[in-house]
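Read through the structure below, which is laid out as structure tokens, and then see the notes.
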Amino acid sequence: MRILLVEDESAIADTVLYALRAEGFEAVHCLTGGEALREVARAPFDLAVLDIGLPDIGGFALCRELRRGRDLPVIFLTAQNAEADRILGLEIGADDYVTKPFSPRELATRVRVVLRRAGVGNAGAGIAAAAAAAADPEPGFAHDPEGKRIRYRGQALDLTRYEYGLLAALLQRPGAVLSRAQLMDRVWGDALDSGDRTVDTHIKTLRAKLREVDAEADPIRTHRGLGYSLDNG
């Protein structure tokens, strides 16, 4: 697996590179966002670890650029512990968020967890997704677990990792009310810094994407004080 590390502090980068390589990853280090964009243009990566405070391009902006036209899991590194930064990172699709100072071995473990959750290297996913699409007679949702893809009213949804996990969890029990705690456990179990507000944020972005397909529909139901449910119709 190829990991892209974008970190402008060489001392931190050296310890992270050592930990990643000790875990068997092929890790490439870039000091700036511009250098990272050039590396990605040359060869693909399986995951990116991005410092938010880069000297040329902010980590959030770099994340958007790196994900143009590609599905790339991202872990953010930051010296800031502000809730607003964590929420913004999750809203743009971060798969995890690590606050400095951190253990390089813990980061390497988080990289492995995110890759496993993302299903990187899952052969045949594209074939399975195509088969699911061809056989989709439902007016509502069609879920392809192997390909980690969901269609709504015949249209494939462009979902982040956590948006997919959240919608998949609701689809497993259509009509059932799942509490925020249940959804956190099923979708964000390995993201140690996440809180209940994270669920609400991702429900909001999911609803927006579903309305892009059908402006009148709102299949996700809010049950005040209880949680959320899904109508698959």
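The values are calculated or read from the model by the stated rules, or taken from the named source; none is laboratory data. Only a predicted model underlies this, so the values are computations on that prediction, with no experimental measurement involved. A quick note on method: Cβ atoms are made from the backbone with ideal geometry, for glycine too, and the neighbour counts reach across all protein chains shown. When the accessible area is computed, the model is the full protein with side chains, heavy atoms only, and any ligands, DNA or RNA have been set aside. Shrake-Rupley method; radii C 1.70, N 1.55, O 1.52, S 1.80 Å.
The table for this structure:
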{"quantity": "Selection from the range 157-187 of residues that are surrounded by fewer than 17 Cβ atoms within 10 Å (Cβ to Cβ) and outside any helix (DSSP H, G or I)", "calculated": "ASP158, ARG173, PRO174, GLY175, ALA176, VAL177, SER179"}
{"quantity": "Residue check, PRO139 modelled with pLDDT under 80 and at negative phi", "calculated": "yes"}
{"quantity": "ALA61 being modelled with pLDDT under 85, assigned to a helix (DSSP H, G or I) and on the phi < 0 side of the Ramachandran plot", "calculated": "no"}
{"quantity": "Output for the range 1-25, where each listed residue is under 21 Å from the mean Cα position of the chain (by Cα) and more than 10 Å from VAL49 (Cβ to Cβ)", "calculated": "MET1, ARG2, PHE25"}
{"quantity": "The range 204-228: number of residues that are in contact with a helix residue (DSSP H, G or I) (Cβ under 7 Å, 6 or more places away or on another chain), modelled with pLDDT of 90 or more and on the phi < 0 side of the Ramachandran plot", "calculated": "5"}
{"quantity": "Scope the range 1-55; condition in a loop (DSSP other than H, G, I, E, B), open to solvent by less than 30 Å² (accessible area, probe 1.4 Å) and free of Cβ contacts under 8 Å to residues at least 40 places away in the same chain; matching residues", "calculated": "ILE52"}
{"quantity": "Only one of GLY147, GLY225 that is part of a loop (DSSP other than H, G, I, E, B) and within 23 Å of ARG68 (Cβ to Cβ)", "calculated": "GLY147"}
